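Scroll down for the structure; my scribbles are underneath it.
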Amino acid sequence: MSRYKNILFLVTVLVVQIIGLAVQIRRPNPTSADAPAVRLIRYWAIGLMSPPEKVIHGGGTGLRGLWSNYLDLRHVRQQNQELREQVGRLQLEQATLLEDARQGQRLQQLLAFKEHYIYSTVPTQVIGTSGTDQSRILYVDKGAKDGLKPDMAVITPDGIVGKLKDVFAHTSQVLVISDQTSGAGVLLESTRLRGVLRGNALGQPQIINMLPDDRVKPGERVITSGGDQIYPRGLPVGIVDRVVADTQNPPYLDIIIKPAANLGHLEELLVITQASDHMPEKEKQDLAQSAAEGAAVSQRRASDILAERLPGLNDPNAVVDPKQDQKHSDAAAAAAAAAIPPKLHPPPTLHADHYSPDATPPANALTPGHAIVDPRYAPEPGAQPRVGTTADSKPTAAKTTARSPEPNGDTAAEGASAKPPAHHPATSPAVPGQEASPGTAHPAAKPKTPKAPPTDQPAEAAPAPEPSTAPPAPAGDGGPPQ
Amino acid sequence: MAISASAARRELDVQRYPLLVVVLVPLSAIFVQALIPRFIPRFDILDLPLLVTIYFAVGWRNPIAGTVTGAVIGLIQDALTNRPLGINGISQCVVGFLAASLGVKIDVENPGTRLLINFAFTLLNIGIYLFILHHMLAQNLGTNWLHEVIKAVINSIVGVFFFDILDRVRPRD
């Protein structure tokens with residue numbers, strides 16, 4: 001018997017541990033909380049390890065704080081200034097996105113969609129790990145006394161890290177997303193494919209059991225879907241690293257993810273202790289502040305643009321700071337250059353007539369009862385003077401006649417629909433065949449006249465001189481538009 | 001006659017350690033193993049508690065002591081993970097038993113022997129661990145055998161130097 005005592009002892013120890021394993025696995029849900037006896041053993045082990053870990057962590061933090069807060073203060077002012085500028089820039093960007101966000105919220109309300117806002121978080125420090133690559137576990141220095149509970153999401157500003165598993169009084173266990181027993185609902189941002197994220201044997205997070213899809217490309221962003229009721233929707237998870245075939249479950253694929261949070265060097269974590277359907281007050285205040293600052297900037301730009309367009313608004317006697325003025329004017333000029341449409345310049349006139357810009361003399365140069373004599377329209381020497389047509393109707397009449405000898409042509413038809421001219425001695429035909437049709441005498445029938453005068457018929461286009469006795473043409477009745 | 005010779009050799013070569021060393025060295029190994037991966041993530045490929053189990057088992061040359069040492073260290077390791085208690089406990093108590101049994105028969109002071117037994121026992125420990133996980137607990141988890149072999153190689157190399165350090169805490173006769 002003494003010869004087999006060693007092997008009997010080994011068998012006894014093995015049997016006891018196997019029974020212990022069977023008791024632990026017997027629970028209906030193996031992922032639920034441990035049995036009290038197991039929890040007690042874990043509590044003892046963690047109680048044994050965590051105090052020295054906390055001491056070392058505290059000592060290291062103290063030394064690092066002493067160095068970074070009191071000794072190594074180079075470039076702090078510059079960094080502070082850069083951070084302030086970054087905050088201002090981000091607030092402006094936030095303001096520009098505010099309207100889109102509000103629209104999204106309205107649409108979500110219409111769809112009765114529940115948005116989860118991160119309402120409160122508890123910052124924690126990593127003090128230790130499980131120490132084995134078979135189990136990706138972290139230990140943090142906050143526990144149930146700080147309001148932590150199992151299944152709370154753990155994140156960093158870069159992305160999700162994991163969830164709380166066992167929570168003790170002053171210490172908690174974080175199950176990292178790279179563990180093989182973890183799970184998180186995720187969404188590929190551009191293709192909108194959903195999947196379950198868990199770790200693989202090498203400790204890389206991967207989306208498992210994905211059907212082959214050519215749209216999934218490396219570099220695509222992955223976010224939380226919110227379907228697991230642990231991680232709020234929309235938190236960054238990482239980017240697609242590569243797609244590999246699942247050798248155990250063909251034809252499914254595994255999508256290896258490069259995590260957004262640096263899972264290898266985690267120090268400070270945030271535990272989401274409360275998520276709500278409503279936006280937190282602090283976030284509302286930030287948004288309101290951003291909106292106000294954005295509006296102020298927009299208004300300032302608008303006033304600059306207005307001042308640029310209306311120089312009379314500027315008080316010439318106002319005392320201005322030259323530097324400030326220079327800065328404002330530079331910014332305003334850049335904004336105004338993009339905002340003010342360029343002035344429209346009509347193309348130069350090929351053949352000027354009295355419809356052309358600046359062809360009509362100013363009103364104070366005119367004499368009542370006298371015809372406008374434009375030297376450009378002066379009759380050529382030896383030309384037959386024509387009597388009885390107004391200055392404005394003659395070119396059109398001549399041109400119309402040249403284009404369409406029949407008085408019932410197109411131009412006549414247009415003129416027929418317009419107001420017929422009053423009978424006037426000046427409009428009475430003097431030469432047969434050169435009768436001005438009623439339509440051609442009306443300005444409504446003349447839009448084509450200044451557009452394209454025939455260049456090969458200058459004699460026809462030249463109007464005959466008006467007799468000095470001819471009364472001025474009534475406005476709207478053959479008179480030139482002023 | 002043969003039995004009495006073996007017993008005499010065991011009595012002659014058995015190592016005795018102070019209780020403080022026996023308690024503090026395993027605890028320190030577990031502590032360092034849990035702390036260092038926070039700063040050096042790849043450190044978790046090492047298994048210092050397993051090396052301590054092997055070292056004490058082959059030094060004591062007592063299978064019962066090796067079994068108990070392996071079971072206790074393995075259970076503490078299990079308690080720090082999210083897995084059921086006993087997976088590492090079972091695998092390490094088997095390793096402790098076999099290492100103590102082997103220590104009676106071979107010279108464990110030789111660095112080459114240490115390299116080989118560390119490699120073999122690390123692989124055995126991983127094999128038992130994965131067998132329990134996959135076949136007794138029916139957990140469908142992936143395994144990368146290349147990674148496990150690399151892990152065994154690294155453990156065996158580090159173990160040679162680690163054993164040399166532990167030799168220094170052994171009281172001289």
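Some points to look at:
- Here the relative contact order of chain B, from alpha carbon pairs under 8 Å that lie six or more residues apart, stands at 22 percent.
- Relative contact order computed over the stretch A:96-213 (Cα-Cα under 8 Å; 6+ residues apart), in percent: 15
- For the stretch B:33-173, the gyration tensor built on C-alpha atoms gives a prolate shape. Its axis ratio a/c (a ≥ b ≥ c) is at least 1.5, and a/b is the larger of a/b and b/c.
- Distance between modelled label sites at A:H351 and A:V76, nm, 7 Å Cα→Cβ extension: 8.4
- As a rough footprinting exposure proxy, the listed residues B:M136, A:M49, A:M152 were ranked by other beta carbons within 10 Å of their own, and the order from fewest upward is B:M136, A:M152, A:M49.
- Residues in the stretch B:140-173 reached by a label modelled at A:V244 [backbone nitrogen below 14 Å; 7 Å Cα→Cβ]: B:142-148
- Per-residue mean of foreign Cβ neighbours for B:141-150 is 4 (Cβ atoms of other chains, 10 Å radius).
- With Cα atoms, 0 to 90° folded angle of helix B:2-13 axis to chain B main axis: 80
- Label-to-label distance, nm, for residues given as B:H135 and B:L116 (7 Å Cα→Cβ offset): 2.7
- What the phi angles of the stretch B:126-136 give under the Karplus curve with 6.51, -1.76 and 1.60, with θ = phi - 60°, is a coupling list of 5, x, 5, 4, 6, 4, 5, 5, 7, 9, 8 Hz, glycine and proline written as x.
- Around the amide H of A:S130, modelled in the peptide plane, lie the amide H atoms of A:I137, all under 5 Å away and 5 or more residues distant in sequence or on another chain.
- For the peptide A:10-19, the mean number of other protein chain Cβ atoms found within 10 angstrom of a residue's Cβ is 6.
- As a rough footprinting exposure proxy, the listed residues A:Y252, A:Y43, B:Y129, A:Y4 were ranked by other beta carbons within 10 Å of their own, and the order from fewest upward is A:Y4, A:Y252, A:Y43, B:Y129.
- Modelled this way, with points 7 Å down the Cα-to-C-beta line, the labels at A:E189 and B:V149 are 4.0 nm from one another.
- Averaged over the residues of A:138-146, the number of partner chain Cβ atoms lying within 10 Å of the residue Cβ comes to 1.
- When you filter the trypsin sites (Lys or Arg not before Pro) in the stretch B:114-168 for DSSP loop state and at most 14 other Cβ atoms inside 10 Å of their Cβ, you are left with B:R168.
- Fewest neighbouring Cβ atoms within 10 Å first, the residues A:R89, A:R221, B:R38 line up as A:R89, A:R221, B:R38.
- Rounded to whole Hz, the Karplus (6.51, -1.76, 1.60) HN-Hα couplings of the stretch B:43-56, x for glycine and proline: 5, 6, 6, 7, 9, 4, x, 5, 5, 5, 4, 5, 4, 5
- The H on the amide N of A:T273, modeled in the peptide plane, is under 5 Å from the matching H of A:S120, A:T121, A:V122, each at least 5 residues off or on a different chain.
- Cα gyration tensor, the stretch A:134-179 - rounded (a/c under 1.5), prolate or oblate: oblate
- Amide hydrogen proximity for A:K142: with H placed 1.01 Å from N in the peptide plane, the residues at 5 or more positions away or on another chain lying under 5 Å are A:Q125, A:S172.
Laboratory data are not the source of any read-out in this text; all were calculated from the coordinates shown. Note that the structure is a prediction, hence the values are computed from the model and not measured. Using ideal geometry, Cβ is built from the backbone for each residue, glycine included, and neighbour counts are taken over all protein chains shown.
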